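Take a look at the structure set out below.
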Amino acid sequence: MASTDLSSYRDQHFKGSRTEQERLLKDTTTMYIGNLSFYTTEEQIYELFSRCGDIRRVIMGLDKYKKTPCGFCFVEYYTRADAECCMRFINGTRLDDRIVRTDWDAGFIEGRQYGRGKTGGQVRDEYRMDYDGGRGGYGKIIAQKVAPNTIDHR
């Protein structure tokens, strides 16, 4: 698979047919960026991703309840060629000590900037079993099971 090919991931909440989603993904200039640190700023996103072309806008992913960053964002370029450059050269690079993941997105729609997990953040973070300081510590489910004073924050 070439780095600019479509991945197998499809947004399960997409409002439309699978065929429509495939068509939008083939023409999109919007990228989903995942595995970001909760501390990565919009300015850092602009700094790295503008190396591939002119950015129309960045939409930071937010915790649905706290309205704080929760480890993902959308980067919308003006042209498909710039977005392809992003897929080719930025996917798998390091930002804020994390390996970022880029993927095609069918296009940002208001409301998608919020985490879809039960606790407001990302579902993946709720089930994480390890400690990850860049992603808020322990996974939410583990943190709830373990008394706060017994968590080792090394």
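Brief remarks follow.
- Residue satisfying all of: in segment 59-87; at pLDDT below 95 and basic (K, R); most open to solvent (accessible area, probe 1.4 Å) among these: K66
- Among the residues making up segment 42-87, those that are outside any strand (DSSP E or B) and closer than 18 Å to A106 by Cα are Y78, T79, R80, A81, D82, A83, E84, C85, C86, M87.
- Unique match (being touching a residue at least 24 places away in the same chain (Cβ under 8 Å) and more than 14 Å from Y46 (Cα to Cα)) among C70, C86: C70
- Some residue of segment 35-58 being in contact with a Ser or Thr (Cβ under 6 Å, 6 or more places away or on another chain) and surrounded by 13 or more Cβ atoms within 10 Å (Cβ to Cβ): no
- Each residue in segment 19-34 was checked for being hydrophobic (A, V, I, L, M, F, W, C) and open to solvent by 20 Å² or more (accessible area, probe 1.4 Å), and 1 of them qualify.
- Considering segment 50-103, the residues that are within 13 Å of the chain's Cα centre (by Cα) and of a type in the set (K, R) include one that is nearest to F38 (Cα to Cα), namely R98.
- Condition check for G16: touching a strand residue (DSSP E or B) at 6+ places or on another chain (Cβ under 9 Å) and open to solvent by less than 70 Å² (accessible area, probe 1.4 Å): no
- Within segment 88-109, the set of residues being open to solvent by 40 Å² or more (accessible area, probe 1.4 Å) and modelled with pLDDT under 90 comprises just one member, I109.
The values are calculated or read from the model by the stated rules, or taken from the named source; none is laboratory data. Being a predicted model, the structure only gives us computed values, none of them experimental. Backbone-built Cβ (ideal geometry, glycine too); neighbour counts: all protein chains shown. When the accessible area is computed, the model is the full protein with side chains, heavy atoms only, and any ligands, DNA or RNA have been set aside. Shrake-Rupley method; radii C 1.70, N 1.55, O 1.52, S 1.80 Å.
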